[in-house]
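Down below is the structure, laid out as structure tokens.
The values are calculated or read from the model by the stated rules, or taken from the named source; none is laboratory data. The structure presented is a predicted model; accordingly, all values stated were derived computationally and were not measured. Because the Cβ atoms are built from the backbone with ideal geometry, glycine has one as well, and the counts that use them run over all protein chains shown. What goes into the accessible areas is simple: the full protein's heavy atoms, side chains included, and nothing from ligands, DNA or RNA. Shrake-Rupley method; radii C 1.70, N 1.55, O 1.52, S 1.80 Å.
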Amino acid sequence: MKLKFFVILLLSAVFQITAQQKLTPKATVSVVTCGPGEELYTAFGHSAFRIFDPMSRIDKIYNYGTFDFNAPNFYLNFAKGNLIYQLSTTNFSYFLRAYQYENRWVKTQTLDLTPQEVLQFYEFLENNAKPENRLYRYDFFYDNCATKIEDVIKAVLKDKVVFSNSHITSEKTHRDLIADYTKQFSWGKFGIDLALGSVIDKKANKDDYKFLPDYIFKALENTSIKRENTLKPLVKKTTKILGHRPLESENTFLTPFLVFFILSVLLLWLTYKDYKQKSRNRWVDFGLYFTTGIIGSIVLLLWFATSHTATYKNYNFLWAFAPNLVVSFYMLKQDLPKWITRYNSLLLVLLVVTILLWVFQIQVFNTALIPFFVVLAVRYTFINLSTSKK
């Protein structure tokens, strides 16, 4: 029994030594930053870790930006804001091939670490990549592939690392930062402005910028590591792995502003026609109330029925008033009930409140809505005037 026990201890020790020797002193840890692509979901870029050891032929990517489409209730959880992402691993050459195909630039920042610190990163990431540890609840602003970079560095290096945000001199909101990366995606930007609430219109603090890979890249350039009571740059070397052609500008002629402008002109013309003919196009009113009611219902569901942190306090519900969904069916009647005038007066007040919220930057709305706000105000007023004359 003693002999068996000794053999087990010896084998365990050998296994541990072997595990530690998987990496040689030539091994390095790099942060990989990838540029934006030509699809909306790639607009913000990407971040990952790379462990490279030329001696033991390890060249591995640790990617916190992956998820499983086949997970149970994936689409339901996606809609509810319960996004489960995971840390996945792959060979760096496979990873690089995808970004080469998508024409996206890739840079690496090799960290100035001791062999022991490199091993600590490797063990931490390997442990984090195990099936029982790899899942995490994703949050676009506060827990994503970019924010994980700083989290892991702090977890491994602890108080030896000193982050600095001195490179950030602007004062932007989260909505401003999103706008910087979605200029060529006008419809995507419109959808984001519609879905996300006033919580993203507060000034972002300097740490908040790090949800974007570009900013975590810049932050690492200003990060230091303590070495014998002195501070040295954490990044030893920055390498451009892949270049890229300039991103193509949006090729759609029908931008949200143009579409809403044309729609608004048409609706204003129909309203003028109704005014001259002393009639009311019931289907126009049905469509207007039904559409705004649907949008308002979705906005409220995103606010109250999901876990998305960025959809709170979304004042788009003021102009896209959810009860309009029910009222739209009353608009099909030839003779409107008397309470419609009071209801429309409320809608006009809510429109004024919406504009005031915009003026005071409490929530910034998409500029494509400006002509539509005019239409809503004119149509509500026209309905009230035509109803009061009967």
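Hey, what's the Kirkwood Rh for the chain if you take every pair of different alpha carbons, in angstrom? Could you put the intermediate results ahead of the total?
On the way: mean 1/r = 0.0403 Å⁻¹.
About 24.8 Å, per the Kirkwood formula over Cα pairs.
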For the stretch 48-185, just list the percent of Cα-Cα distances falling in each 5 Å bin from zero outward, please.
-> 2, 7, 14, 18, 19, 18, 13, 7, 2, 0
Furthest towards positive pole of dipole, L194, T169, T147, structure part the stretch 129-203, Cβ charges | T147
Can you list the trypsin sites (Lys or Arg not before Pro) in the stretch 189-247 that are in a DSSP coil and have 15 or fewer other beta carbons within 10 angstrom?
-> K202
With every protein chain left in place, what is the accessible area per residue of the stretch 43-200 in square angstrom, probe 1.4 Å?
-> 48 Å²
If W339, W358, W319 are ordered by their accessible area, calculated over protein heavy atoms with a 1.4 Å probe, which sequence runs from highest to lowest?
-> W339, W358, W319
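If N is the number of residues in the stretch 310-390, what value comes out of its Cα radius of gyration divided by 2.2 N^0.38 Å?
Details: Rg = 13.9 Å, N = 81, 2.2 N^0.38 = 11.7 Å.
So the Cα radius of gyration is 1.19 times the expected 2.2 N^0.38 Å.
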Within the stretch 183-312: Cβ-based charge dipole about Cα centre, in debye rounded to nearest 20 (Lys, Arg +1; Asp, Glu -1) | 340 debye
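Dividing the alpha-carbon Rg of the stretch 174-286 by 2.2 N^0.38 Å yields what? The partial results should precede the final answer.
Values: Rg = 24.5 Å, N = 113, 2.2 N^0.38 = 13.3 Å.
In units of the globular-protein estimate, the stretch 174-286 measures up at 1.85.
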Please arrange F95, F67 by accessible surface area, largest first, computed with a 1.4 Å probe and ligands excluded.
-> F67, F95
Centroid-to-centroid separation of the stretch 196-275 and the stretch 323-371 [C-alpha atoms, Å] = 31 Å
Solvent-accessible heavy-atom area per residue, rounded to whole Å², over the stretch 230-333 at 1.4 Å = 61 Å²
How much of the accessible area of the stretch 261-386, in percent, comes from carbon and sulfur atoms when a 1.4 Å probe is used?
-> 73 percent
Pick out, from S56, S386, S328, the residue whose Cα sits farthest towards the positive end of the charge dipole of the chain, with +1 on the Cβ of Lys and Arg and -1 on the Cβ of Asp and Glu.
-> S386
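Of the chain, which part is the longest with no GluC sites (Glu not before Pro) in a loop (DSSP not H, G, I, E, B) and with at most 11 other C-beta atoms within 10 angstrom?
Working: sites that count: E39, E132, E171, E228, E248.
By the stated rule (loop sites, at most 11 other Cβ atoms within 10 Å), 249-390.
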Quickly work out the L231-to-A98 label distance, labels modelled 7 Å from Cα along the C-beta direction, and quote it in nm with one decimal.
-> 3.6 nm
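I need the helices of the chain that pass two filters: whole DSSP H segments spanning 24 Å or more by Cα along the axis, and mean Kyte-Doolittle score no lower than 0.5.
On the way: long enough: 2-20 (27 Å, 1.49); 256-277 (31 Å, 1.03); 282-304 (32 Å, 1.35); 339-359 (30 Å, 1.86); 370-388 (28 Å, 1.34).
The qualifying helices are 2-20, 256-277, 282-304, 339-359, 370-388.
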What 222 nm value per residue comes from the helices of the chain, counting each DSSP H run with n ≥ 4 as -39,500 (n - 2.57) and dividing by all residues, nearest 500 deg cm²/dmol?
-> -15000 deg cm²/dmol
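Just check the stretch 291-357 against the gyration tensor rule for me: Cα atoms, a ≥ b ≥ c as the square roots of the eigenvalues, rounded for a/c under 1.5, and otherwise prolate or oblate depending on whether a/b exceeds b/c. Kindly include the intermediate steps, with their values, before the conclusion.
On the way: a/c = 3.72, a/b = 1.70, b/c = 2.19.
Oblate.
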Based on Cβ point charges of +1 for Lys and Arg and -1 for Asp and Glu, what charge dipole magnitude is obtained for the chain about its Cα centre, in debye rounded to the nearest 20?
-> 480 debye
